[in-house]
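Following: one structure in C-alpha cells, then a few remarks.
What follows is calculated from the coordinates using simple rules that are stated; it is not laboratory data. No experiment lies behind these values; they were computed from the predicted model shown. Ideal geometry is used to build each Cβ from the backbone, glycine not excepted, and the neighbour counts take in all protein chains shown.
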Protein chains: 2
Amino acid sequence: MDIAFTLPLAATSDTAGVLTDLFLVLLAAKLGDEVFRRIGQPVIVGEILGGILIGPSILGLVEVGEVLRVFSELGVVFLLFWVGLETRLSEMRAVGRIAVTVGSAGVVLPFLVGIGLGLALGESTETSVFLGAALAATSAGITSATFLDLGIARSRAARTVLGAAVVDDILALILLSVAVGMAADGGVDASKIVLALAIAIAFVGFVALGGTQLLQRRPKLLQAPRFAASPLLPAVLLCLGLAAFSASIGLAALIGAFLAGMIVAETKDHTSIEEEVRPLYAFFPPFFFAFIGIELDLGALLDGHALLLLGAITVLAAAAKLVPAYLAARGLGKREAAIVGIGMIPRGEVGIVIASIGAAEGVVDAELFAVVVGMSILTTLLAPFALKRLSRGAGPARPAAPQPARR
Amino acid sequence: MDIAFTLPLAATSDTAGVLTDLFLVLLAAKLGDEVFRRIGQPVIVGEILGGILIGPSILGLVEVGEVLRVFSELGVVFLLFWVGLETRLSEMRAVGRIAVTVGSAGVVLPFLVGIGLGLALGESTETSVFLGAALAATSAGITSATFLDLGIARSRAARTVLGAAVVDDILALILLSVAVGMAADGGVDASKIVLALAIAIAFVGFVALGGTQLLQRRPKLLQAPRFAASPLLPAVLLCLGLAAFSASIGLAALIGAFLAGMIVAETKDHTSIEEEVRPLYAFFPPFFFAFIGIELDLGALLDGHALLLLGAITVLAAAAKLVPAYLAARGLGKREAAIVGIGMIPRGEVGIVIASIGAAEGVVDAELFAVVVGMSILTTLLAPFALKRLSRGAGPARPAAPQPARR
C-alpha cells in the first residue's frame, strides 16, 4: 500500500508502491530493533513485532505480497550465508552425531503429537499429518539469529542446533512429501520419497565435503574472474545458486546458503570477505523477521476457541521439542543441553510455510492456519528470552573471534 | 523459469523459481561483464548483452516479471545512490546553469522531432506525443555507470550530464503528464501539471539544500539510533524513503536516491560509509543492466518495416540530443561539450518506461513498442563506446579520490 502523497499523474505508482513497502518494512523492523535494544530485550523479537505493527493485524500499511515474500526469503538466505561464513566443517563434524540424534528426536515426537492432537480434535487424517509436519519444523533462521545476537554462535550448543536443524529439514522434506501426497491424491509414492531423500543427502554431503575441500586447495578461486576484484560477487553467486538448487530439490533454500557460506569461509584467511558480506547481511534479514509478523492475522485469533487451541498447540509444540532435544543432548552438560532444547523450539517461517502449503492443498482451514502461524510466532518469540537468560556467562566453546551484532 | 532439476514434491517451487531467476540474471550480467572486460569494451554493454542472451529474445531462460522489475529498479536506485555519495552539492552548483541549459535544450528538440516523426508516419497525435516523450528521455543511470567505469565520474562534463538528467526528468514529468492526459481523456489539466511541477521542484530543492546542510551541521546524525553501529542502515532507509517519495510524486525513483546519496556524502569525512555501501552497489545494479536486455523482443524487430523504422528513429534520437546538448555545453570546451552531448544520448530504461506507459494507455502498438525499446537499447549501447574513445586522457576536473570500478 502506498501511503505517500501520490499525484494521479504518471503510471509510476507501481514503483512508488513497491519502494514504499520496502521502506516501511525496513523502517518498522529497525524501529522494533531500536526499542528492544533500548529496553535490553532480544532484537529479533523487536523486528517481528515491528512487522506485526505495520501488517494487516494492526496498522495495515503493508500486505503479504510476492515482492515482500522474495525479500523475506533472501533475508533468511543471507542470514544463513552469514552463519555459514562463521562455521567450519570441522566444527560441524565435531557435533555431527549428537546433532543427528537431536534433529531426529526433535522431529519424531512433535510429528506424532501433532497427528494425535489433530485426530483428537476431530480433524481428518490429511489435516492431522499437516499439523504434525508443522509441529516437527525447526527454524534454523530464528535460532541462528538469536545465537548471533547473544554472541554464542560459535558455541558447541549453537553448532548442535544448527546441525540438528539441517537434519530436521531433510526429515521434514519426507514428512511434507507424505503430507502433500496424501492431500493431493490420497496416496504416497514411496519410491519418489526415497529418491528425494537420496538426492537431498547426496547434495548436502557432496557440497559440504567437496566444496570446502576445493576452496581449501584453491582459496583464490573466487577471485579468478576479472569482474571479481574481490570475492564478493562470486561468493554471492555461489550462495544464490546453491540456495536455488536446494529449494528446487525440496529442501529449504537456507540450507544451500549455509553450505555456500561454509565453503566461502575457506577463503577467509586470504580475503576480507566477511566485511563485504556484512552490508548484505545487515540489509536483507530484517525483511525476513518483519515478514513473519506481517503474516500474522490477529483478527482470526480473536475468539475463544481459536485462542484455546493456540494456547494448547503452543505448549505442546514447545514441550514436544524441548524434552527429546534436551535428552538427546544431555552429553553436552545440563546447561548446554537446555540451550539446545530451547534452541529447537522456534518454528519460525518453516511452520508458516508448511501451514501455507496445507492451506493451498485445501486441508488446512482459515482458523487452523491462523493458529499454526500464531504458534510459529509464539514459539519464535519465547526462545530468545529464555536463551538470553540461559546464555549469561556461557562463553563460546573455544576462544572465538568477536561476534559483531547485526547493524 | 526454473531450469534447475525439480522434484514434483513440495510446493516450494515458487521460491526455487525466483531464486533461480535471480541467480541466472546475476550470472548472465557478470559473464557479459567478464567477456567485455577481457576484450577491453564497456562493461555495462556486456551486462545488457548478458540480459539479451538469457531473455525471451534468445535463450528464453527468464521472462519479464514483477520481482525482476523490482530488482532492476533497486539496481538503478543503488547506482544513483552511489553516484550521489560521490557528489558534493557545491560541485552540482558549479555546473548548475549550464546543466539547466543542456537539460532543457536536450528535451525540447527531441520532443518536437518525435512528434513530427510520429505525425509524418501517419500516427495519431496521442501516439506522436508519446514518441516525442520517449525521445526526450535521458537515462541518468546508463551515463553515470559509464562515467564511473571510465573513472571520469567527477569531471565537470559528468556533473553537467547528471544535472541535466535531473532537469530532463522534471521536464519529462510534464511531457508525460501531457501525454497521459491526452491518451486518457483527450484533455490536459494545466493546473494539475503546474502543481506537479511545483512539487517536484520544491522536493528537489528542499531536499538538496536542507538535507545537505542538516548533515553538514550534524554529521553524526545517522549514527544516533542504537541499531546503527554504523551509518549504513539509516543511510539505506534515507535512500529508499526519498526514492519512494520521488516516485510517488511522478519523478524517477533514482532522483530521490541521488539526493539521498548527496546528503549522506556529508558524513563521509567521519565514517567509512562508502566501503559499506559498495557491496550493495556491486549486488543490485547488474540486475538493472541485464533487465534492459531482457525487455528487448528481438522477434518483433525482425521485419523490414520495423528495422527501417528502428534505424531512422535511432539516428534521429541520437542527433536530436547530441546537437543541442553539444551547443549548450560549448562553454566547457569542445571535447567536454562532446562528452556532454554523447552522454545525453542513452535513453536506457526511461525510454522503455515511457513506451510501456503508452502501451498500457493503448496508444503505442506492439511494433512501435518494440522499436522504442530497440532505440533505447541501441542509444544505450552506442554511448559507452564513443565516451570511452573521447575520454582517453580526459582526467577529472580536480584531483579526485580514486574511482574503484564496480566489482
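Worth a mention:
- Gain upon complete extension [B:E66, B:H305; 0.36 nm per residue less C-alpha separation]: 82.9 nm
- Set of lysines with alpha-carbon distance to A:K220 below 17 Å, sequence-local pairs under 8 removed: A:K268
- Cα gyration tensor category, rounded, prolate or oblate, for the range B:244-366 with a/c compared to 1.5: oblate
- For the peptides B:230-239, B:366-375, residues were scored by their other Cβ atoms within 10 Å and the scores averaged per peptide; the highest-first order is B:230-239, B:366-375.
- log₁₀ of I(q)/I(0) at q = 0.07, 0.08, 0.12 Å⁻¹ - chain A, Debye sum with one point per alpha carbon: -0.31, -0.41, -0.95
- Helices meeting the span-like rule in chain A (full DSSP H runs, Cα extent of at least 30 Å along the helix axis, mean Kyte-Doolittle score of -0.5 or higher): A:13-38, A:96-120, A:156-185, A:304-328, A:366-391.
- Cβ-vector label at 7 Å, A:E275, separations to other copies in nm: 0.4
- Peptide A:17-30 - average C-beta neighbours from other chains (10 Å radius): 6
- Rough spin-label spacing in nm, given labels placed 7 Å along Cα→Cβ, for A:A312 and A:L209: 4.7 nm
- Chain B residue nearest the rotation axis toward A, with distance: B:P279, 2 (Cβ to axis, whole Å).
- Gaussian network model of chain A, springs between alpha carbon atoms under 10 Å - residue of A:A338, A:A165, A:A224 with greatest fluctuation: A:A224
- The relative contact order of the range B:71-391 comes to 30 percent, based on Cα pairs under 8 Å that sit 6 or more residues apart.
- Computed over the range B:41-153, the alpha-carbon pair-distance distribution with 5 angstrom bins reads 2, 9, 11, 15, 16, 18, 17, 9, 3, 0, each value a whole percent.
- The alpha carbons of the range B:182-311 give a radius of gyration and a Dmax of 20.3, 63 Å, in that order.
- Sorted from closest to farthest, the other copies place their B:G311 label points 8.1 nm away, with each point set 7 Å from Cα along Cα→Cβ.
- Chain B - mean residue ellipticity at 222 nm from DSSP helices (-39,500 (n - 2.57) per run, n ≥ 4, rounded to 500): -23500 deg cm²/dmol
- Backbone phi angles across the range A:212-223, fed through the Karplus curve with coefficients 6.51, -1.76 and 1.60 (θ = phi - 60°), yield HN-Hα couplings of 5, 5, 4, 7, 5, 6, 10, x, 9, 4, 5, 9 Hz in residue order; Gly and Pro are listed as x.
- In straight-distance terms, cross-link reach from B:K321 covers every one of the lysines whose alpha-carbon lies under 24 Å from its own, apart from those fewer than eight places away in the same chain; here that gives B:K334, B:K388.
- Inter-chain shielding of A:281-290 (mean C-beta neighbours from other protein chains, 10 Å cut-off): 2
- Other protein chain C-beta atoms within 10 Å of residue C-beta, averaged over A:231-244: 5.
- Each other copy places its own label point for B:R88 at 4.7 nm from this one, sorted shortest first, where the point lies 7 Å along the Cα-to-beta carbon line.
- Our compactness index for the protein assembly as shown, the C-alpha radius of gyration over the empirical 2.2 N^0.38 Å, is 0.98.
- Positive contributions from Lys and Arg (+1) and negative ones from Asp and Glu (-1), summed over other residues with Cβ under 12 Å from the Cβ of B:G55, come out at -4.
- Between the range A:38-97 and the range B:241-292, the Cα center-to-center distance that results, in Å: 24 Å
- For the listed peptides B:100-110, A:111-121, A:193-203, a ranking on the average number of other beta carbons within 10 Å per residue, highest first, reads B:100-110, A:111-121, A:193-203.
- Judged by the mean number of other Cβ atoms found within 10 Å, the most tightly packed of the peptides B:41-54, A:137-150 leads the ranking A:137-150, B:41-54.
- Partners for B:K30 among aspartates and glutamates (Cα-Cα distance below 17 Å; same-chain residues under 8 apart left out): B:D21, B:E47, B:D149
- With the simple model of a label 7 Å out from the Cα in the direction of the Cβ, B:D14 to A:L382 spans 2.8 nm.
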